[in-house]
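**Student:** Here it is, the structure, as structure tokens.
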Ligand SMILES: [Zn+2]
């Protein structure tokens with residue numbers, strides 16, 4: 001199993017990270033040995049209603065994880081790497 005974590009804190013400002021417009025975003029995905037995404041989650045420091053499946057504010061429609069474009073690319077890249085034996 002592999003874990004890929006994407007942290008976007010480029011816009012993060014302490015004191016504004018909950019409702020001030022400067023949020024941190026994080027996406028974590030679990031992959032199997034062949035690089036296929038099994039499950040994942042989006043999170044944010046913002047206090048607003050946030051969809052952990054697709055990473056959008058205000059979304060209540062998702063029922064499973066949607067990897068971001070970036071995560072999809074990272075996952076595909078691991079498929080060409082040798083498998084870690086840990
Ligand atoms: Zn959603």
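Readers should treat all values here as calculations from the given coordinates under stated rules, not as data from a laboratory. Only a predicted model underlies this, so the values are computations on that prediction, with no experimental measurement involved. We place every Cβ from the backbone using ideal geometry, glycine too, and count neighbours over all the protein chains shown.
**Student:** If you check residue 35 against the conditions, is it part of a loop (DSSP other than H, G, I, E, B) and surrounded by 14 or more Cβ atoms within 10 Å (Cβ to Cβ)?
**Tutor:** Considered against the rule, which asks whether it is part of a loop (DSSP other than H, G, I, E, B) and surrounded by 14 or more Cβ atoms within 10 Å (Cβ to Cβ), residue 35 comes out as yes.
**Student:** Something else now. Search the range 44-54 for residues being surrounded by 14 or more Cβ atoms within 10 Å (Cβ to Cβ) and within 15 Å of the ligand (Cβ to nearest atom), and hand back the single one that is nearest to residue 65 (Cα to Cα).
**Tutor:** 53
**Student:** Please indicate, with yes or no, whether at least one residue in the range 12-24 is within 16 Å of the ligand (Cβ to nearest atom), within 14 Å of the chain's Cα centre (by Cα) and either buried (at least 16 other Cβ atoms within 10 Å of the Cβ) or in a helix (DSSP H, G or I) (or both).
**Tutor:** No: zero hits.
**Student:** Moving to a separate point now. Being touching a helix residue (DSSP H, G or I) at 6+ places or on another chain (Cβ under 8 Å) and touching a residue at least 12 places away in the same chain (Cβ under 8 Å) narrows it down to one of 7, 37, 30, so name that one.
**Tutor:** After applying the criteria, what remains is 37.
**Student:** Oh, and also: May I ask you to list pairs of residues, at least six apart or on different chains, whose Cβ atoms are under 6 Å apart, with the first in the range 50-65 being closer than 13 Å to residue 39 by Cβ and the second being more than 9 Å from the ligand (Cβ to nearest atom) and outside any loop (DSSP other than H, G, I, E, B)?
**Tutor:** 52/41; 65/39; 65/40
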